[in-house]
1. Taking Cα atoms, how many degrees apart are the long axis of helix A:55-77 and the longest axis of chain A, rounded to 10 and kept between 0 and 90?
2. Between residue A:133 and residue A:146, what is the label-point separation in nm under the 7 Å Cα-to-beta-carbon projection?
3. Enter the angle in degrees (range 0 to 90, nearest 10) between the Cα long axis of helix B:117-146 and the first principal axis of the Cα atoms of chain B, meaning the one along which they spread out most.
4. Using a label point 7 Å beyond Cα on the Cα-Cβ vector, give me the inter-copy distances for residue B:150 in nanometres, one decimal, shortest first.
5. For the protein assembly as shown, what is the per residue volume of the convex hull drawn over the alpha-carbon atoms, in cubic angstrom?
6. Placing a label point 7 Å from Cα toward Cβ, how far apart in nm is residue B:27 from its equivalents in the other copies, listed shortest first to one decimal?
7. Can you give the relative contact order of region B:47-137 as a percent, counting alpha carbon pairs under 8 Å and 6+ residues apart?
8. With just the Cα atoms defining each centre, how far is region A:39-76 from region B:1-74? Give it in Å.
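Where a number appears in this text, it was derived from the coordinates with a stated rule and is not lab data. Values in this document were obtained by computation on a predicted structure and should not be read as measured data. Every residue, glycine among them, receives a Cβ derived from its backbone with ideal geometry; neighbour counts consider all protein chains shown.
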DNA sequence: TCAAATTTTGAACAGTGTTCAATATCTTTG
DNA sequence: CAAAGATATTGAACACTGTTCAAAATTTGA
């Protein structure tokens with residue numbers, strides 16, 4: 001009967017995680033500090049170390065939740081579009097929108113260096129596979145419809161991941177392009193270019 | 001005759017800048033601190049504030065120098081290739097290599113948030129125009145040779161910027177792909193794909 | 001109830017950035 | 001040349017980081 005203790009422990013861990021998620025969404029990664037998290041959770045800063053190795057571990061536990069939220073957001077936004085190129089474009093744009101909405105989560109997913117090598121691999125695959133998960137079925141649809149080779153599809157899929165990563169990085173870190181309208185136009189152009197290119 | 005004072009002031013500023021560049025190249029952005037810079041420059045940490053607003057201003061003064069260094073490196077590396085697609089690919093790969101060699105400079109160019117809005121615009125254009133500067137003449141050569149429209153060239157050029165930015169971000173921040181060989185292969189594939197695509 | 005186990009906590013230390021008054025050094029002038 | 005003034009340099013001090021650890025508070029079990 002150790003479950004009673006474990007249940008309570010998990011509950012407290014949940015309070016810390018919820019507090020961290022709040023801070024990441026509202027103020028971003030730069031406002032995440034041991035004392036800030038503990039204050040919101042209703043505990044002393046020292047208590048955090050009884051449940052987590054440090055604040056970084058806490059932060060990266062949020063990645064999985066945000067990933068799920070992003071998938072739900074993008075799928076809901078693109079639900080009305082027919083499978084294939086149109087749905088692929090919609091889902092990709094919604095994916096971009098999610099990170100524009102929460103720049104702190106983008107930082108967390110793409111910028112933050114991961115010191116713990118143990119956790120690094122997991123987080124990286126979670127991040128990299130996100131767009132793949134969202135677009136997988138559409139690419140299959142396109143491949144079948146346009147009679148493309150698996151290799152060719154892989155190349156286009158890869159190009160879309162690389163390009164969208166760059167688009168987000170430049171817009172959120174460098175304010176390039178300068179306006180959201182220009183950003184959307186550039187994103188739309190790039191997506192069309194990669195989907196429709198004829199080899 | 002205020003020039004004597006200005007000369008000396010510029011000299012001291014140069015000492016701080018040189019110290020900052022050393023740290024950025026060797027230990028990276030995370031090791032840049034007011035006390036660390038001042039120690040290397042041979043001054044007290046407080047003196048730094050007599051010449052610069054803060055350490056960030058100092059860091060971003062290094063951007064221009066690194067930009068020049070990157071251009072020289074890439075042009076030298078690609079010098080033997082004939083103008084056009086081959087030179088474009090070589091110069092782009094060398095551009096990537098430069099940032100792989102100095103991850104701290106990549107951080108500085110693409111990740112670091114810029115608080116001072118006054119300096120932001122300048123830095124952004126310096127960063128964004130780097131690859132354009134390196135590839136401009138090759139794109140003109142390709143456009144002439146393949147009879148492409150200016151719009152079409154612009155789209156491909158933009159795609160190359162976005163994709164290479166994503167490639168660097170994923171490899172340096174997320175260790176994706178896991179090996180340098182895979183990174184080079186992915187980069188080569190992407191560059192070929194963007195240069196040779198037939199609309 | 002009371003002792004034992006456990007959780008919670010604040011003090012303390014070593015780092016950050018930043019400001020400011022005191023100190024040291026040059027420069028000018030009488 | 002020496003005193004006075006201007007300028008450059010500096011360390012103390014403050015507020016913030018992360019982290020550890022022994023003491024205090026709490027819960028648990030007999």
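1. 40 degrees
2. Between residue A:146 and residue A:133, the label points sit 2.6 nm apart.
3. Around 30 degrees separate the two axes.
4. 4.5
5. On the way: hull volume 73.9 nm³, N = 398.
Here the figure is 186 Å³ per residue.
6. Sorted ascending, the copy-to-copy spacings read 2.8 nm.
7. On the way: 54 pairs, mean separation 30.4, N = 91.
About 33 percent, as a whole number.
8. First find each Cα centre; the distance between them is then 37 Å.
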